Amino acid sequence: MFRFTIRDVLWLMVVVALGLGWWIDRTAVKKFYSKFAWDQADMATATAKKINAQNKRLTLLGSAIEKAGFSLKESPDLITLEPSDSQKNQIRTVRIAPIWPSRFSLGTNPSPAPP
């Protein structure tokens, strides 16, 4: 017959508890990473949809500008809207300032001009 002492039963409980704890931890980690991957995929899909929508809007804007007889010239800090050859005598070149003028640095709020 098998004889077990209390020490043997305690060692068995320690081994089973460690195994069970490890298994529960691994299951939770797998669920977390699975959810994280799905969230990342959802965010990537949403971002791609937003980018496509913005590209469509910019394409429509570019088409409207060209139909109006203008052309866009782009450089890193400046966008120039120039009239076609037939309109050059009637309209002068319009220059659009960049969104962030160089006198402002990112992360600081410029103080408003006094009234």
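What the phi angles of the range 69-80 give under the Karplus curve with 6.51, -1.76 and 1.60, with θ = phi - 60°, is a coupling list of x, 10, 9, 9, 10, 10, 9, x, 10, 8, 10, 10 Hz, glycine and proline written as x.
When the expected Rg is taken as 2.2 N^0.38 Å, what fraction or multiple of it is the alpha-carbon Rg of the range 1-67?
Normalised by 2.2 N^0.38 Å, the Cα Rg of the range 1-67 equals 2.66.
Between A41 and T5, the contour length at 0.36 nm per residue exceeds the alpha carbon distance by 7.5 nm.
Modelled spin-label separation between Q54 and K30, with each label point placed 7 Å from Cα along the Cα-to-Cβ direction: 3.9 nm.
Rule-based calculations on the coordinates, nothing more; no lab input. All of these numbers come straight from a predicted model, not from anything done at the bench. Neighbour counts run over all protein chains shown; Cβ positions are idealised from the backbone, glycine included.
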